[in-house]
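Below is one structure, written out as structure tokens, with a few remarks after it.
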Amino acid sequence: MPTVDDWINNPMGVVDGLFAQSNSSPDWEKKVVVYFKEKLKLIDAHTWVPSLNDVPLHYLKPNSLVKFRCMVQDMFDPEFFMGVYEINDPMSNTKLVKCGKYKDVTDCGQVDLNSRNTVTSERHTFYCVPIPGESQWVKESYAGTSQARVVPSTSYAPNRHKRSYEEDDDMDTQPQQMKHFSQVAKGSASSHGNTESKRQETEAPNQNSSPSHCTSSLDLNFPLPGEKGPACLVKVYEDWDSFKLNDMLEVFGILSVDPALSVIADEREASSLIDPTDCMETIEEQRVHSPPASLVPRLHMVYAQPLVQNNPLLPSGATEENGDYINSFLRELPAVRAELLTYLTHLLLGDSLAAEYLILHLISNVYSRRDVLPLGKFTLNLSGCHHGSPYTEHLYKAIQCLVPSSFRMSMSLHNMNDYRMVPRKDYTANRLVSGTLQLANNTSLFLDETQLEQGQLDTTGVRNITALGNLISWQKVDYDFSYHQMEFPCNINVLITSEGRSLLPSDCQVHLQPTLYPPNLEEYLSAVQVAQAPSLLNKYRIYLSVVRTLNYSISDEITKAVEEDFVEMRKDDPQSMSAEDLHRLLVVARLLSLSHGQNTLSRDGWMKAKQLEVLRISRTQEQKCVNGNEP
């Protein structure tokens, strides 16, 4: 490995060096970004950088370069800081011009606030959390490729002990009183907080209850209940308008966990109690925007890589730059698809038709929007799942092993009435309170309707069911801003398991018809999963990610043939094929073509799609006749 001490262990040395060479030219800021981008382009260079996702915070050196795989959960108001400032150096008794970028706290020395060299700059703060519902295989894959060298630090540890985000030891985190601390950059609104939260559990509180073991009111605001991991305040210095709420990012930045931040927070909070005019923020807002740095570190962004899909098995840039990789995989795609179809058929108890539709569902993706209509979505309702059976839970675990991120929502009456699904704006704390539907793109949402029981939905339950319906139909979630609702588009794959037809809308219903009846269902399903070799599972994961990136088109010849076929099908019975039926058939045909690695619709593909739909519809009609009470 080349000497990475300069730019990974001491990135501020690089920044200060380029600043010193700048002679007050603003180009130095661009040179910093270019420098680190070029370093990260080296082969495997990104694996040398320690990750906040994998490494406990107390193993990481303050002011070193780290990375964080995350989702933007909230965006705070912009803040001002001293980009350039002048200090009186007590050692040499001279004045020195310093760079304030990528820092929360100024260097030692007395800042000359009246200096003409002072430059006030603006930066934005994003509150970022680990990607909600990220699968365990994704975490293990990223951690397994890391070549970062980290050791527990004692030499550079600050006076207060830093807790790992997975530790919950009974330790003393009371900071020592500091007689003197460095000045915080002027106007940095996020440099104050509440030290009462030092013992807060870092696991997101379950939305169904308030755990008694929580010792403080700090809430890391994870969208999904039971999630663990670090949260981070990411400071963004440029192009902040290019980022959106719920974006998935891999952020490379300079880690800041200076203990002075919490001490300053204590003093500012105390002073605000004496004279509220000294601080414009409420105590609640201070707690949210400036939590203890030992629990919510600051990360000063140098560079951020958007994650179109969070699959570590794909090489970086595979969807755009690495066409050779995709082309090579396409050669073995038919064999992988056949293996996956067999695997899913076993999981679905021998139902190969349901397995075909499950593949189409797993590769579906909103590729465009026409007015309010999201094109490409394919919500699947898998009916025929017995009420209260453990089958749905095992099916979810199998899907969870295939997709990068997922969440199973048990649609019990209690959960529907109790879950906070829609994010809402908390104006007192000036933050967006997350909900279970604040998910990153391409998340698989598994709605288990077999857990429904008789009872009455309250106001919250009705609101939650409405939100799920809007998500499925329009691929959007209307966030609650009290005085109005703000629409946020999303791209979430929804799979509904139910006994009869789902109460929720869907694009396609497939009634499960098992041909296998194992005496012990749980043992059978576990054996099916265990039988899949890890290398084969990885091929399934790559397949599901690659095929959804393929371009797709329909030639004029095929378009004309489809139109003629539509007219022919309606000739005898106009009610037999509606415009909605044609739309669904075209979606099935598109997904079927892509699933075979074909980026255009052929006549054979169209005929195959029609055959699948005939089988599916006839099965649904049979079930209606059997039950007599299907809607």
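Would you mind finding the one in 59, 35 that is more than 30 Å from residue 428 (Cα to Cα), in contact with a Pro (Cβ under 7 Å, 6 or more places away or on another chain) and open to solvent by 20 Å² or more (accessible area, probe 1.4 Å)?
That would be 59, the only listed residue that is more than 30 Å from residue 428 (Cα to Cα), in contact with a Pro (Cβ under 7 Å, 6 or more places away or on another chain) and open to solvent by 20 Å² or more (accessible area, probe 1.4 Å).
Kindly list the number of the only condition in (1) surrounded by 23 or more Cβ atoms within 10 Å (Cβ to Cβ); (2) under 16 Å from residue 595 (Cα atoms); (3) not small (Gly, Ala, Ser) that fails for residue 353.
(1)
Taking residue 77, is it in contact with a strand residue (DSSP E or B) (Cβ under 9 Å, 6 or more places away or on another chain), open to solvent by 20 Å² or more (accessible area, probe 1.4 Å) and outside any helix (DSSP H, G or I)?
yes
I need the full set of residues from the range 578-595 which are in a helix (DSSP H, G or I) and open to solvent by 10 Å² or more (accessible area, probe 1.4 Å), in order please.
Listed by number, the residues that qualify are 579, 580, 581, 582, 583, 584, 586, 587, 590.
Go through the range 379-421 and report how many residues are in contact with a Gly (Cβ under 8 Å, 6 or more places away or on another chain) and more than 22 Å from residue 455 (Cα to Cα).
Counting residues in the range 379-421 that are in contact with a Gly (Cβ under 8 Å, 6 or more places away or on another chain) and more than 22 Å from residue 455 (Cα to Cα) gives 3.
Just one of (1) at positive phi; (2) touching a strand residue (DSSP E or B) at 6+ places or on another chain (Cβ under 7 Å) trips up residue 430, so point out which.
Result: residue 430 fails condition (2) only.
Give the residues of the range 404-420 that are among the polar types (S, T, N, Q) and more than 30 Å from residue 539 (Cβ to Cβ), sorted by residue number.
410, 412, 415, 417, listed by residue number.
Under 7 Å between Cβ atoms, at least 6 apart or on separate chains: pull out the pairs that start in the range 449-477 with a residue that is in a loop (DSSP other than H, G, I, E, B) and end on any residue that is open to solvent by 60 Å² or more (accessible area, probe 1.4 Å).
Listed by first residue and then by second, the contacts come to 475/489.
Conditions tested, residue by residue: (1) open to solvent by 20 Å² or more (accessible area, probe 1.4 Å); (2) part of a loop (DSSP other than H, G, I, E, B).
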{"position": "551", "(1), (2)": "yes, yes"}
{"position": "597", "(1), (2)": "yes, yes"}
{"position": "605", "(1), (2)": "no, no"}
{"position": "615", "(1), (2)": "yes, no"}
{"position": "625", "(1), (2)": "yes, no"}
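Residues being open to solvent by less than 50 Å² (accessible area, probe 1.4 Å) and not in a loop (DSSP other than H, G, I, E, B): count how many of those fall in the range 369-399.
Residues meeting the conditions: 13.
Of all residues in the range 410-443, how many are buried (at least 22 other Cβ atoms within 10 Å of the Cβ), modelled with pLDDT of 95 or more and within 16 Å of residue 227 (Cβ to Cβ)?
9
Filter the range 131-153 for residues that are part of a helix (DSSP H, G or I) and not aliphatic (A, V, I, L, M); which is modelled with the lowest pLDDT?
That would be 144.
Regarding the range 122-140, can at least one residue be identified that is surrounded by 14 or more Cβ atoms within 10 Å (Cβ to Cβ), in contact with a Phe, Trp or Tyr (Cβ under 6 Å, 6 or more places away or on another chain) and of a type in the set (Ser, Thr, Tyr)?
Looking for residues that are surrounded by 14 or more Cβ atoms within 10 Å (Cβ to Cβ), in contact with a Phe, Trp or Tyr (Cβ under 6 Å, 6 or more places away or on another chain) and of a type in the set (Ser, Thr, Tyr), one finds at least one in the range 122-140, hence yes.
Filtering the range 81-112 down to residues that are assigned to a loop (DSSP other than H, G, I, E, B) and at pLDDT 80 or above, which residue is surrounded by the fewest Cβ atoms within 10 Å (Cβ to Cβ)?
Selected residue: 112.
This table checks each residue for (1) within 27 Å of residue 491 (Cα to Cα); (2) at pLDDT below 95; (3) open to solvent by 20 Å² or more (accessible area, probe 1.4 Å).
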| site | (1), (2), (3) |
| --- | --- |
| 227 | yes, yes, yes |
| 244 | yes, no, yes |
| 252 | yes, no, no |
| 270 | no, yes, yes |
| 292 | no, yes, no |
| 307 | yes, yes, yes |
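The values are calculated or read from the model by the stated rules, or taken from the named source; none is laboratory data. Quick caveat: nothing in here was measured; it's all calculated off a predicted structure. Because the Cβ atoms are built from the backbone with ideal geometry, glycine has one as well, and the counts that use them run over all protein chains shown. The area values use the complete protein model at the heavy-atom level, side chains included, leaving out ligands, DNA and RNA. Shrake-Rupley method; radii C 1.70, N 1.55, O 1.52, S 1.80 Å.
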